[in-house]
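Undergrad: Quick one: structure below, then a few questions.
The values are calculated or read from the model by the stated rules, or taken from the named source; none is laboratory data. What you see is a predicted model, and the numbers here were worked out from it, not measured in a lab. Cβ placement follows ideal geometry from the backbone for every residue including glycine, while neighbour counts extend to all protein chains displayed.
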Amino acid sequence: MQFSRANFIPMFIAVVLSLTSTASALDINGPDWPTPANPTWTPIGTNPALNGGVTWNYSNLDMGAVDQLWYGLNPTYLPEVSLNGVYVNDALVLSGIISSTQARWTGSSQIYARVSSSFNWYTVPVRFTMTLTGTGTSGFISATDLQSIDATFDNSIGVVAPITGDFSANFLYEAYWQGTWYSVDYLFDMLETSQSHHYNVSHGTGLYWTEKSIPVTAIPEPLTCVLVAIGSIAVAIKKNIRIS
């Protein structure tokens, strides 16, 4: 049997080079659930188009499992509203951050309703509002800010909220009629609408995170060359060592 300590030296060099080359890469993961932070999710309410909307509570987050954590919309499921009986097709766009913990998306849809004596189509302004509460977030920031961390981050979601602990998110869809904002469901019931028509609302959210960094001591280039040289010497010695 042939044996040489030199067998281990090239392997050691490969591991060092791999760590030093990947440690600097910082990708933002998500949106996903539950993420390494693994929060407990407790919903209150079932329909964001009802008065008061719905509230999702996130608690018991394991912040030690991630480096940084954010909450925001899912770019695949941005807010949509339809009052015309067609499956959700009226996309909303971010109109701005109303306050540090409240962001709003606006748009319009059409509703078929009887006003006075006949049914007609009416264009109705609609909006979606997301409100954050809790000590685990300081509020919204622009999603574009995350591109300074990961240039490929999809900023079409408009805003994200840095998360440091427990928090809640409330979602509410509203429609505007004759000077007043109503929840979509309330307005639909208040007006006389055709039985063949209905409303739809839709959106998706998720958590984004970066993984915790693994501390790696950089190897100076001259030292790396020395290790490679030692490896070469050891391989030469290997030819003369034999154990039977």
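Undergrad: Output the residue which, of all residues in the range 83-101 that are free of Cβ contacts under 8 Å to residues at least 40 places away in the same chain and of a type outside the set (V, I, T), is farthest from V159 (Cα to Cα).
TA: N89
Undergrad: On the basis of being at pLDDT below 95, more than 21 Å from W56 (Cα to Cα), β-branched (V, I, T) and within 22 Å of the chain's Cα centre (by Cα), does V115 make the cut?
TA: Details: at pLDDT below 95: yes; more than 21 Å from W56 (Cα to Cα): yes; β-branched (V, I, T): yes; within 22 Å of the chain's Cα centre (by Cα): no.
When the stated conditions are applied, V115 does not pass them.
Undergrad: Still on this structure, please answer the following. Taking the conditions exactly as written (hydroxyl-bearing (S, T, Y), touching a Leu at 6+ places or on another chain (Cβ under 6 Å) and outside any strand (DSSP E or B)), does T35 satisfy them or not?
TA: Yes; evaluated as a whole, the condition is true for this residue.
Undergrad: Right, next: Residues that are modelled with pLDDT of 95 or more and more than 22 Å from L207 (Cβ to Cβ): find the strands (runs of 3 or more DSSP E) completely inside the range 132-191 holding 3 or more of those. Lay out the reasoning, then the answer.
TA: On the way: elements: 159-162, 167-177, 180-183.
The qualifying strands (runs of 3 or more DSSP E) are 167-177, 180-183.
Undergrad: Same structure again: Among the candidates F128, F119, single out the residue that is surrounded by fewer than 17 Cβ atoms within 10 Å (Cβ to Cβ) and either part of a strand (DSSP E or B) or of a type in the set (A, V, I, L, M) (or both).
TA: Values: F128 fails: surrounded by fewer than 17 Cβ atoms within 10 Å (Cβ to Cβ).
None of the others qualify; the one that does is F119.
Undergrad: Oh, and also: Of the residues G85, G72, G64, only one is surrounded by fewer than 17 Cβ atoms within 10 Å (Cβ to Cβ), modelled with pLDDT of 90 or more and of a type outside the set (D, E, K, R); which?
TA: On the way: G85 fails: modelled with pLDDT of 90 or more; G72 fails: surrounded by fewer than 17 Cβ atoms within 10 Å (Cβ to Cβ).
Exactly one of G85, G72, G64 is surrounded by fewer than 17 Cβ atoms within 10 Å (Cβ to Cβ), modelled with pLDDT of 90 or more and of a type outside the set (D, E, K, R), namely G64.
Undergrad: Let me ask you something else. Going by the conditions given, is T106 touching a Ser or Thr at 6+ places or on another chain (Cβ under 7 Å) and exposed (fewer than 14 other Cβ atoms within 10 Å of the Cβ)?
TA: Numbers: touching a Ser or Thr at 6+ places or on another chain (Cβ under 7 Å): yes; exposed (fewer than 14 other Cβ atoms within 10 Å of the Cβ): no.
No, not satisfied.
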